[in-house]
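To start, the structure itself, in structure tokens.
Each reported figure results from applying straightforward, stated rules to the coordinates on display, with no laboratory input. Keep in mind the model is a prediction, meaning the values are calculated, not measured. Because the Cβ atoms are built from the backbone with ideal geometry, glycine has one as well, and the counts that use them run over all protein chains shown.
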Amino acid sequence: MLSERGSFMKGMILGGVFCLVLSLLGSFSSVTESKTEDHHHHHVKAASKDELQQLSESRLQELNNQLQISCVIMVQPKNLVYWAAALDTWTKHCDKAEFYTSESSKALEAIDLDEKDDWVRLRKALKHAYENAGNIRWFFVAQPSTFAIIENLKYLVLTKNPEQPFYLGKTVKSGELEYVEFNGGIVLSYEALKRLVNVFQDEDKCPERQSALWKLSEDKQLAVCLKFTGVFAENGEDINGKGLFNSRSVDSLISESMDQNPNNVVKGCCSDMAITFSSMSPNQMQVMMFGVYRLRPYGHDFHDILTFYPPKGSDND
């Protein structure tokens, strides 16, 4: 009798777990299938030089004046050297830069979210960025080991309407889910972020705490929640279709290009309008700052139509 009861209980437990997994899979499938009819493109490119030349000078200046980027950098005290490097380098070019930490640090100033879970911390940071956006309509989310060239990001989104839902970066697929890799940086328009913050309130569609049996990384969970609102991951590319967001470091990409494209290493490596490089050491970030913002070949003029000036009063390179 005891043996039969034990077998019955085991069957009940296994059956319950099986039903839970099926329920989660069904929920996940419904997310991936929802509102796909609203999504007509997967590749977002900057306006070409010809397209910009068709705009009046007053319209270009209007777009330039309106375009501001709020940078959301997710940090932890254990990554203090990366945090300090990001603070001292590329984030100076953001119109607004906020560092969000898992716990307070006496060394550097940041918004203390008092949260260990990566997904919950990201939710809190994005909600705070949205509620304190002011007139800013574009948001760039990054890790402290990512190096970003904010002027190139502004060029990418210059003619894009932030009242439309944009969710940009380096897209990858995991099963049926297409998402933007966090280590390459994530770009959200105001409309996309507004929809995301709204869906945060729906625990069925976008739970704050994930099941231990079905735990996704924060970038995948972000994509799942955004899909419920009709917002889909899109790959940022240059005019030639080359990716602008890199989830690897410059030296890694160049080393690969030396093997695969020995006769044209630089062109084979990266877009000359690249926006991000990832897995960068603090020393590499300082080298990038020198190369991008200080080093100039005499006599070269790129004849750019617009100039994106750094924020007024910023301690800028």
By how many nm would the segment from Asp272 to Ser104 lengthen if fully extended, with 0.36 nm per residue of separation less the alpha-carbon distance?
-> 56.7 nm
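So which trypsin sites (Lys or Arg not before Pro) in region 87-192 end up in coil per DSSP with only 12 or fewer other C-beta atoms within 10 Å?
Lys106, Lys116
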In region 176-215, which chymotrypsin sites (Phe, Trp or Tyr not before Pro) are in a loop and have at most 15 other Cβ atoms within 10 Å, using DSSP for the loop call?
-> Trp214
For Thr159 paired with Ser255, estimate the spin-label separation in nm (one decimal), with each label point 7 Å from Cα along the Cα-to-Cβ line.
-> 3.9 nm
Under 5 Å between amide H atoms, partner at least 5 residues away or on a different chain: which partners does Trp138 have, H built in plane at 1.01 Å?
-> Gln68, Ser70
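What translational diffusion coefficient, in µm²/s and rounded to a whole number, does the Stokes-Einstein relation yield for region 221-317 at 37 °C and a viscosity of 0.692 mPa s, taking the hydrodynamic radius as the Kirkwood radius over Cα pairs?
200 µm²/s
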Base-10 log of normalised Debye intensity for region 225-282 (one unit scatterer per alpha-carbon) at q = 0.13, 0.27 Å⁻¹ | -0.43, -1.09
Across Lys116/Lys227; Lys127/Lys227; Lys78/Lys170; Lys154/Lys205, pairs whose alpha-carbon gap is larger than 21 Å = Lys116/Lys227; Lys78/Lys170; Lys154/Lys205
Cα extents of region 77-181 along the three principal axes, largest first, in whole Å?
-> 41, 34, 25
Checking region 240-317 for chymotrypsin sites (Phe, Trp or Tyr not before Pro) in a loop per DSSP with at most 10 other beta-carbon atoms within 10 Å yields Tyr298, Phe302
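FRET efficiency for Ile239 and Glu131, Cβ-Cβ distance as r, R0 = 51 Å, nearest 0.05?
0.90
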